[in-house]
1. Straight-line reach from Lys386: which aspartates and glutamates fall under 19 Å, measuring Cα to Cα and dropping same-chain residues less than 8 apart?
2. Hey, what did the chain get for relative contact order, percent, Cα under 8 Å, at least 6 apart?
3. Using Rg and Dmax of the Cα atoms in Å as the read-out, say which of (1) 23.3, 87; (2) 32.6, 122; (3) 21.6, 66 was calculated from these coordinates.
4. Once you have the Cα-Cα distance between Ser254 and Ser339, take 0.36 nm times their residue separation minus that, and quote the gain in nm to one decimal.
5. What order, most packed first, do the peptides 369-379, 386-396 have when packing is the mean number of other Cβ atoms within 10 Å of each residue?
6. At a Förster distance of 35 Å, what's the computed FRET efficiency of Asp136 paired with Arg62, Cβ-Cβ distance as r, to 0.05?
7. Residue by residue through the stretch 216-222, which ³J(HN,Hα) values in whole Hz follow from phi under the Karplus form 6.51 cos²θ - 1.76 cosθ + 1.60 (θ = phi - 60°), with glycine and proline marked x?
8. Would you kindly derive the ³J(HN,Hα) couplings of the stretch 38-49 from the backbone phi angles with the Karplus curve 6.51 cos²θ - 1.76 cosθ + 1.60 (θ = phi - 60°), listing them in order in whole Hz, with x for Gly and Pro?
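We did not get these values from a lab; they are worked out from the coordinates using the rules stated. Since the structure is predicted, the reported quantities are computational estimates derived from the model, not experimental observations. Every residue, glycine as well, gets a Cβ built from its backbone with ideal geometry; the counts of neighbours run over all protein chains shown.
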Amino acid sequence: MTSPSGPSRRQVLVAAAAAASAPLIAAAPAQAAGAARPRSWDLTLLGTSDTHGNVYNWDYYRDAEYDDSKQNDIGVAKLATLINQIRRERRGKATLVLDAGDTIQGTPLATYYAKQEPITATGEKHPMARAMNVIDYDAVTLGNHEFNYGLPLLDLWIRQLGFPALAANAVNAKTGKPAFLPYVIKKVSLGFAAPTLRVGILGLTNPGVAIWDKGNVEGKLRFDDMVATAAKWVPIMRARGADLVLISAHGGDSGTSSYGPELPNENPVALIAQQVPGIDAILFGHAHNEVVERFVTNERTGAQVLLSEPSKWGQRLTRMDFTLTRERGRWTITKKAASMLNTNTVVEDPKVLAAVRAQHQKTIAYVNQVVAQATVEMSTVESRYKDTPILDFINHVQAQTVTEALAGTPYADLPVLSQASPFSRTAVFPAGDVKIRDVAGLY
C-alpha cells in the first residue's frame, strides 16, 4: 500500500500523509530524578469540538454578547487565546491541537456563508476556515453537521483548511474506498539528534449522517461502524510506525443511539476504547457534554484509554498531557491525564477576530433586517405546555409551504398536517418590527 499524497476527497485514501506532515515544535526532555532513570519527555494534546460556527463571543439572535445562566463564553476566538497561552507556557515543547467536528453549522454566521452567500458561488473563504487556520490546528474530524449543506460546499471548505480533515468511516458508496483522509501520522520532533515521536491521529465521523443528511449523501457515501473502522485502521497505523495513537471521534460515549438498529451505533466511543487495542486516548464530541477525564479499560490488553469531551460552542478546551520514556528503541507512556479549561477566563484572540470581522459584521447586518410586523408580542415561554400563537405561526408556514409544493402533483388533494416543537424556550417576536434574527432564534 502506498501513502496518499494529500487529503483530496475523491481519491482512494488508504494511508496517512506522514511524509507530508510538518514536524511539530521541539519538546525538551524533563529532568530525571537520578542518573539510572530513563529520560522522559512530554506531549500535550489540546482538543476542541462542536464549535458550531461560533467565532465571536456573540449571540446573533439577541444581537448582543453571548451570556447564559452559568456565565459561559463561546467562540473559536476564546479558544485561540487559551491555546496560545498553553503554547507559550510550554516554551517549545510538543503540542498538538485537534478538533472533533461539527464546525460549519450552527450560527447565522455559518448559515450565511452556506445559504445567503455560499462559498461555492463566491469562492470566499469560509469563516470557520479563516478562524481555524489562524489557530493552526493539526487536524479536524468531520462531524455529522459538516454534511448539512451538501458535498460541494464541504469539499471546498476542506480545501480551504491549512490542515487535514479526517473521516475514516465515510466511504465512497460505489468503490468502498475511503472518501476522506482516514488518518495522519505526525512526526513530533523532540530536539536535535533526539528520537522522533510519531503520533497517529484517526478521525471517525457519525453514522447518523446517512439518515440526517440522506438527501446529500445517499448513493454517494456510506458510513461504516465506528468501532469496526477503528479496529481496521489502528493496526495499520501502528504497522506504519505510529508510536502513539489518538482518535478524534464525532460520537458520544454512552453506547446508545437516537435512531434504531438500521445504522451503526451513534455514540460508541467507550466501546471503541474497550474493544479496540492499541489506542492511547480519544478526543470526542457530538453529545455536547463536558467530560473532563474518563478512563476505559481495554478488554484485550488491560490498557487504560483516556477519554475527554470539551462541551460545545467553544465553551471549553480539553487538555491531555502525556509523559513518555524511550527504552530499547520503543516509546512508552508512563503517565496520562486530562483537564478542562473554561473560555470565560480569557479575552478573545485579536488575530482570530480580525480574520473574521468583515464576515461577522455582514452577518449582523443581515440578521437585523426587518421581515415582518407583529401586532402583539409572541413568546415561546409557555409553548411546552399550552397552545401559543408563535408555534401556530410555525405550523402555518410549514403547512402552507408543503401545500404549495404539492400543487399540480397527484398528492395535491391530500390534507396537510403540521407538527412543531418549541426548539427555543426563550424566543420572542416583539410587537412591531420582526427581524430575521427573531425568526432564526425561534427555529
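1. Result set, ordered by chain and number: Glu377.
2. Details: 1041 pairs, mean separation 79.1, N = 443.
So the answer I get is 18 percent.
3. (1)
4. Details: separation 85, 0.36 × 85 = 30.60 nm, distance 2.03 nm.
This chain segment gains 28.6 nm when fully extended.
5. Details: 369-379: 12.5, 386-396: 15.3.
Most protected by this proxy first, the peptides run 386-396, 369-379.
6. Working: r = 32 Å, r/R0 = 0.90.
Using R0 = 35 Å, I get an efficiency of 0.65.
7. Running phi through 6.51 cos²θ - 1.76 cosθ + 1.60 with θ = phi - 60° gives 8, 10, 4, x, 10, 10, 10 Hz.
8. x, 5, 10, 10, 9, 10, 10, 10, 9, x, 10, 6
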